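The next block holds one structure in the form of structure tokens; read it before the comments.
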Amino acid sequence: MADLFPEANDILSLSPANKTELFEMLATAMAGRLQQPAETVLEAILARERLGSTALGRGVAMPHARVDWLDRPAAVLARLTRPIEMDARDGEPVDLVFLVLWPEAASEGFLPALSNICRALRDNQLPRQLRQAGSAAEALRSLRAADQLL
């Protein structure tokens, strides 16, 4: 999991009003890093979301997509300043969002990466630490510490 979030700038603080605005913000943030138009990134996120909500429950969502225009995995963690509705099964609004984009050509690592994130989030300790982190660097330290326990 730590490989997906190598730097503190992979941790964003966002204030979207709703799910659509969240996805637009995430696409814009990733577009510059990936040298892709924001519309291309947004379409990948929305295509997956149309299959069903990526909200995991307990205030966490993990939008994800495999794309053919990417040569290495890319991810960001967005901590939302206020929770938003994302159609989670448990009805809880979301305030932690892990966006994972994966190259289609390297599909063998995709499911294990998603699984590692889910496993780290199973215990309430990591979500609590991420929500309470005073900075992106502190949140990144929490992710790295959780990764050591996997």
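The values are calculated or read from the model by the stated rules, or taken from the named source; none is laboratory data. Every value quoted in this text rests on a predicted model; they were computed, and no experiment measured them. Ideal geometry is used to build each Cβ from the backbone, glycine not excepted, and the neighbour counts take in all protein chains shown. Quick note on the areas: whole protein, heavy atoms, side chains included, nothing else; ligands and nucleic acids left out. Shrake-Rupley method; radii C 1.70, N 1.55, O 1.52, S 1.80 Å.
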key: Any chance Asp123 is open to solvent by 50 Å² or more (accessible area, probe 1.4 Å) and more than 19 Å from Leu14 (Cβ to Cβ)   = yes
message = touching a Gly at 6+ places or on another chain (Cβ under 9 Å) and either over 16 Å from Phe23 (Cβ atoms) or in contact (Cβ under 8 Å) with a residue 12 or more places away in the chain (or both): is that true of Arg89 in this structure?
response = yes
query = If you go through the range 58-78 one residue at a time, how many are of a type outside the set (A, V, I, L, M) and closer than 15 Å to Arg131 by Cα?
reply = 2
Selected residue (only one of Ala17, Ala75, Ala31 is out of contact with any Lys or Arg (no Cβ under 8 Å at 6 or more places or on another chain) and assigned to a helix (DSSP H, G or I)) = Ala31
key: Flag if Thr81 is under 23 Å from Ser135 (Cα atoms), open to solvent by 10 Å² or more (accessible area, probe 1.4 Å), among the polar types (S, T, N, Q) and in contact with a strand residue (DSSP E or B) (Cβ under 7 Å, 6 or more places away or on another chain)   = yes
query = Within the range 88-109, how many residues turn out to be open to solvent by less than 30 Å² (accessible area, probe 1.4 Å) and either assigned to a loop (DSSP other than H, G, I, E, B) or at positive phi (or both)?
reply = 1
key: Hits in the range 36-48 - residues which are open to solvent by less than 50 Å² (accessible area, probe 1.4 Å) and more than 13 Å from the chain's Cα centre (by Cα)   = Gln36, Ala38, Thr40, Val41, Leu42, Ala44, Ala47
